[in-house]
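Before any comments, here is the structure.
Bear in mind these aren't lab numbers, they're just calculated from the coordinates by the rules spelled out. Remember, it's a predicted structure, so these values are computed and weren't measured experimentally. Reconstructed Cβ throughout: ideal geometry from the backbone, glycine too, with neighbour counts over all protein chains shown.
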Amino acid sequence: MELLLSIQSLSLALLLVGVGLAFSDIRLSGWVLGWILLTGALLLQGFRSMLSYFIEQGGVDAATYSVINDWMGLGFSLLIVGSMHLMREVFARHRLAEERLRVIGAAAQDAIIMMDNKGRIAFWNEAARRIFGYAEQEARGKKLHELIVPQPYRVDFEKRLDVAADAAQGNVIGKTLELAGLRKDGKEIVTEHSISGVSIDRKWHTICIVRDVTERKQYEERIRHLANYDNLTGLPNRMLFYDRLSQAINLAQRNRHELALLYLDLDRFKSVNDARGHDAGDAVLKGAADRIQAQVRESDTVARIGGDEFAVILPRIASPQDAAIVAGKIIDALCASFPASDAEHGKIEIGSSIGIAMFPKDGEDIDALFKAADAAMYKAKQSGNSLCFCAA
């Protein structure tokens, strides 16, 4: 009998502890509280089975059985109350976690996209809708690469993501990738993906933080263009010209062939600026750049060195006479009248003086070749000839 009472007391104590913890501010794992309540219930049920056995054997009188049975009813009532509160707490925590995720997702400026172990979209926040144009209901259950990646890049995107269902992290987890993106309206954008992974129910899920970097890339491209190209004519500037000339010299040395450098200056350009203003001068410079480019090959480089000075690299030339032919065509093109800038003045007439230097005869490096072409150009201008070869 003492054993039965001990089991009853232990089971009731466990049930009371479980219920007390469930209603207290102490936050334990739902598994821990569940095991406490379940152990109490099992002990109580075991006590009830043993009590029934003793009743049948005549070892317990009816009055004692009635009292003990009432206590068992109290124990089962405590079990029901504790279990219901525990379930309510679990559901509340689950709802709170979902609400926190929703609030964080809604407040984030970057798209937050979570995919399950099969690569299907399971979470899609408001920023994702704003960036790609798809509502959450449209995105859920879809494959990410089929939804936001342009057709030519889908296979490569899926291979690079490389997410496996058995907790294999893939080769891009923890990395940031710059990828082409596709909006719902068909517009292509540039996106930056920060990819991480998390295990949920022992299955690997992938989380992508996606940012639209289209404007940033356009700005960076604009900066690169301004650093290498003349803002007025769109031609390569002095810095890019030197880089192209260096490459052309290296190629000529390796293949043992000649190249020509043409250095030209616009005649009477200062008078155009003085008489008609800088707008007219800018129009002449842009027109001159177009005319020079029209006389050379696609493989040749035309650059604006500064002011009214231009340079042309002919990277593969058969002979100095061929360089002279190109220079003559440029001079003829620039000697043709330019349209009048206004009704008050007539057409604009300018000319050009061109100096020609040959590699390797007139110089074997950038500085020597450029100085030779510059000297030849001034010689042509002073002598009144339209073009002149280096005297060296």
> Amide H to amide H, which residues 5 or more places from ASN237 or on other chains are under 5 Å from it, using H placed in the peptide plane?
Replying inline: TYR229, ASP230
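Between VAL198 and ALA275, what is 0.36 nm times their sequence separation minus the Cα-Cα distance? Round to one decimal in nm. Don't skip to the end; give the middle numbers.
Numbers: separation 77, 0.36 × 77 = 27.72 nm, distance 7.24 nm.
Value of the extension gain: 20.5 nm.
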> Which of the lysines could a cross-linker bridge to LYS187, judged by Cα under 22 Å and excluding same-chain residues fewer than eight apart?
Replying inline: LYS142, LYS143, LYS217
> Could the peptides 246-252, 123-129, 289-295 be put in order, highest first, of the mean number of other beta-carbon atoms found within 10 Å of their residues?
Replying inline: 123-129, 289-295, 246-252
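At a 10 Å Cβ-Cβ cut-off, how would you order MET239, MET115, MET377, fewest neighbours first?
Details: MET239 12, MET115 21, MET377 25.
Ranking MET239, MET115, MET377 by Cβ neighbours within 10 Å, fewest first, gives MET239, MET115, MET377.
What FRET efficiency comes out for LYS118 versus ARG256 if R0 is 56 angstrom and r is the Cβ-Cβ distance? Round to the nearest 0.05.
Numbers: r = 61 Å, r/R0 = 1.08.
After rounding to 0.05, the efficiency reads 0.40.
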>> For a quick check: with amide H placed at 1.01 Å from N, whose amide H comes under 5 Å from ILE189's, ignoring anything fewer than 5 positions away on the same chain?
In response: GLY181, LEU182, ARG183
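How do HIS145, HIS278, HIS257 rank when sorted from fewest to most other Cβ atoms within 10 Å of their own Cβ? Display every interim value, and only then the final one.
On the way: HIS145 20, HIS278 11, HIS257 14.
Placing the least packed residue first, the sequence is HIS278, HIS257, HIS145.
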> Among ASN250, GLN218, SER194, whose Cα sits farthest toward the positive end of the charge dipole of the stretch 171-307 (+1 at Cβ of Lys/Arg, -1 at Cβ of Asp/Glu, about the Cα centre)?
Replying inline: SER194
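Once R0 is set to 51 Å, what does the formula 1/(1 + (r/R0)^6) return for the Cβ-Cβ distance between ASP332 and GLN137, expressed as a FRET efficiency to the nearest 0.05? Kindly include the intermediate steps, with their values, before the conclusion.
On the way: r = 68 Å, r/R0 = 1.33.
Rounded to the nearest 0.05, the efficiency is 0.15.
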> Taking the Cα centre of the stretch 214-254 as the origin, how large is its charge dipole in debye, to the nearest 20, when only Lys and Arg (+1) and Asp and Glu (-1) carry charge on their Cβ atoms?
Replying inline: 120 debye
> How much length is gained on full extension from LEU177 to HIS225, taking 0.36 nm per residue of separation minus their Cα-Cα distance?
Replying inline: 14.9 nm
>> Under the rule of at least 5 residues apart or a separate chain, name every residue whose amide H is placed under 5 Å from the amide H of PHE389.
In response: ILE356
>> Quick check: pseudo-label points 7 Å beyond the Cα along Cα→Cβ at ASP243 and GLU215, how many nm apart are they?
In response: 2.7 nm
> Projected onto the charge dipole of the stretch 229-389 (+1 at Lys/Arg Cβ, -1 at Asp/Glu Cβ, origin at the Cα centre), which of LEU264, THR233, ALA280 gives the Cα projection farthest towards the positive end?
Replying inline: LEU264
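By counting other Cβ atoms within 10 Å of each Cβ, how are GLU309, GLU349 ranked from fewest to most?
Details: GLU309 16, GLU349 13.
Placing the least packed residue first, the sequence is GLU349, GLU309.
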> In whole Hz, what ³J(HN,Hα) sequence does the stretch 248-262 give by Karplus (6.51, -1.76, 1.60; θ = phi - 60°), x for Gly and Pro?
Replying inline: 5, 5, 4, 5, 5, 5, 5, 9, 6, 10, 8, 9, 10, 10, 9
